[in-house]
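The values are calculated or read from the model by the stated rules, or taken from the named source; none is laboratory data. Predicted model only: the values in this text are computed from it and were never measured. Ideal geometry is used to build each Cβ from the backbone, glycine not excepted, and the neighbour counts take in all protein chains shown.
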Amino acid sequence: MEVSGVPLFDSGSVPPGMLWDSTFDSVGTFGYHCSIHPWMTGRVMVG
């Protein structure tokens, strides 16, 4: 999901065995995709 053309979050490349986290400031459902494998998509649901 983007706001005014700016991604809401970007983890960059996460190497195998490593973790990444993010804090969301608002409730909602946010779509995402893998920039390396664009067919890999998902949703983060914040309640």
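Results, tabulated for the structure shown:
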item: Residues of region 15-44 classified as of a type in the set (A, V, I, L, M) and modelled with pLDDT under 90, total; result: 3
item: Subset of region 22-42 [under 11 Å from residue 9 (Cα atoms), in a loop (DSSP other than H, G, I, E, B) and in contact with a strand residue (DSSP E or B) (Cβ under 9 Å, 6 or more places away or on another chain)]; result: 22, 24
item: Residues (of a type in the set (S, T, N, Q) and within 24 Å of residue 47 (Cβ to Cβ)) located in region 13-37; result: 22, 23, 26, 29
